[in-house]
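Before any comments, here is the structure.
The values are calculated or read from the model by the stated rules, or taken from the named source; none is laboratory data. It should be emphasised that the depicted structure is a prediction, and the values quoted were computed from it without experimental measurement. Note: ideal-geometry Cβ built from the backbone for every residue, glycine included; neighbour counts use all protein chains shown.
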Amino acid sequence: MIETLTQAFAAVQGWLFESAVQPLVFHLGLMAYVEDAHVAVGTVMIGIIEIAVLYALLKPLEAWRPIEPSQDRKAIRADVIYTWLHRLGVLPLLVFLLLVIPMTELDAWLRMNDIVRPNIEDLIPGLARNSIGAFVIYVIVIDFVEYWLHRLQHRFHWWWALHSLHHSQRQMSFWTDDRNHLLDDVLTAAAVAMVALAIGVASSQFVLIVVVTRMIESLSHVNARLHFGTIGDRLLVSPRYHRRHHAIGAGHEGVYRGVNFATLFPLWDMLFRTADFKPVFEPTGIRDQLQGRDYGVGFWRQQVLGVVRLKHALLGRNAYPS
């Protein structure tokens, strides 16, 4: 069954690539990156399948055990747009592929000067022959990097001016994961892609890591009374654990400007003292929304207001709620 589905997927991917993408790659003179373009076609297909699976699994879960009724459907509608943009691989894969070019040129220059840039598979004996082990290591490293990027998004006023859009959703759902300002996405995608390339992650591996990560992130944002128990919540980020990160006050205030920053593994929060396992499902949003601050409802309005907040932060005005 799995083999049949894999063959069918490959057949459709090949047909789309040969009939639509490959001619464009030839026309633009980018045949050196034809393999990456083929991966990109698969990424878009995976994104479509991913959204279908998430909708089929998480939508019923939200209907079965909702934390709160979805009263503001217009706000959720904007999150759906963000999800389609991200799950089709438009941004993370594009940034990754754009960075492949300078990284390839850097490797060529290093080799000309008899310098070999080591990656994780070179540093850990036997890892190159263990694809599953290599994938697990890559996921752990990238999740660690994403934890610290998330900390910086809350710490720097100018970055919070952009990232606060993600926290401004008062009606959380599984669509909320991708609700981000585009500038914020570019910054984080570029940082993650550079780390991935630096440690030797191949394009196909990167796609799989992105898919696994964002599937779990969608689950962690679901509007459902769900947790993994005392032990499980300490192994993998659960909806209850992550909702605490979105809670009004706790999610963006305090010494660390929030709690529960981890994307996949709460281990990082526990190690760096930012974990909060309070067993409650609290209202989400940002405190200054209660005072009337507008973060926008529609996609374009949200993007414009994010730039305005960024400008204020760069001019020295407070980007945090008072």
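The lone criterion from (1) touching a residue at least 40 places away in the same chain (Cβ under 8 Å); (2) crowded, with 16+ Cβ neighbours inside 10 Å left unmet by I48 is number (2).
Among the residues of region 254-271, which ones are under 17 Å from Q153 (Cβ atoms) and either among the small types (G, A, S) or touching a Phe, Trp or Tyr at 6+ places or on another chain (Cβ under 8 Å) (or both)? Even if it seems obvious, please write down each step before you answer.
From region 254-271, those under 17 Å from Q153 (Cβ atoms) are 254-264, 268-269; that's our starting set.
Hits for region 254-271 are G254, R257, G258, N260, F261, A262, T263, W268, D269.
The criterion of being under 19 Å from D177 (Cα atoms) and under 21 Å from the mean Cα position of the chain (by Cα) holds for F265.
Residues of region 224-262 that are β-branched (V, I, T) and within 25 Å of R287 (Cβ to Cβ): V237, I248, V255, V259. Cβ separations smaller than 7 Å between residues 6+ apart or across chains give the following pairs from region 69-80 residues that are among the polar types (S, T, N, Q) to residues that are surrounded by 12 or more Cβ atoms within 10 Å (Cβ to Cβ) and part of a helix (DSSP H, G or I): S70/I76. Scoring R225 on the criteria (1) more than 27 Å from A134 (Cα to Cα); (2) crowded, with 18+ Cβ neighbours inside 10 Å; (3) in contact (Cβ under 8 Å) with a residue 40 or more places away in the chain; (4) over 12 Å from the mean Cα position of the chain (by Cα) leaves a single failure, condition (2). Looking at region 91-98, can you tell me whether even one residue there is assigned to a helix (DSSP H, G or I), within 28 Å of R240 (Cα to Cα) and at pLDDT 80 or above? No, that holds for no residue. Can you work out which of the residues in region 294-318 that are in contact with a helix residue (DSSP H, G or I) (Cβ under 9 Å, 6 or more places away or on another chain) and assigned to a loop (DSSP other than H, G, I, E, B) is surrounded by the most Cβ atoms within 10 Å (Cβ to Cβ)? Only one residue fits best here, namely Y295.
Each row is one residue, and each column tells you yes or no for (1) part of a helix (DSSP H, G or I); (2) farther than 22 Å from D269 by Cα; (3) acidic (D, E).
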position: Q205; (1), (2), (3): yes, yes, no
position: T213; (1), (2), (3): yes, no, no
position: H227; (1), (2), (3): no, no, no
position: T230; (1), (2), (3): yes, no, no
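Against the definition (modelled with pLDDT under 95, within 15 Å of H86 (Cβ to Cβ), hydrophobic (A, V, I, L, M, F, W, C) and crowded, with 23+ Cβ neighbours inside 10 Å), how does V210 come out, yes or no? It is true that V210 is modelled with pLDDT under 95, within 15 Å of H86 (Cβ to Cβ), hydrophobic (A, V, I, L, M, F, W, C) and crowded, with 23+ Cβ neighbours inside 10 Å.
Applying the condition of being closer than 18 Å to H167 by Cα and outside any loop (DSSP other than H, G, I, E, B) to region 252-290 and asking which residue is modelled with the lowest pLDDT yields L290. Taken residue by residue, region 257-279 has no member that is surrounded by fewer than 17 Cβ atoms within 10 Å (Cβ to Cβ) and among the β-branched types (V, I, T). Residues in region 171-203 that are modelled with pLDDT under 85 and part of a loop (DSSP other than H, G, I, E, B): 4 in all.
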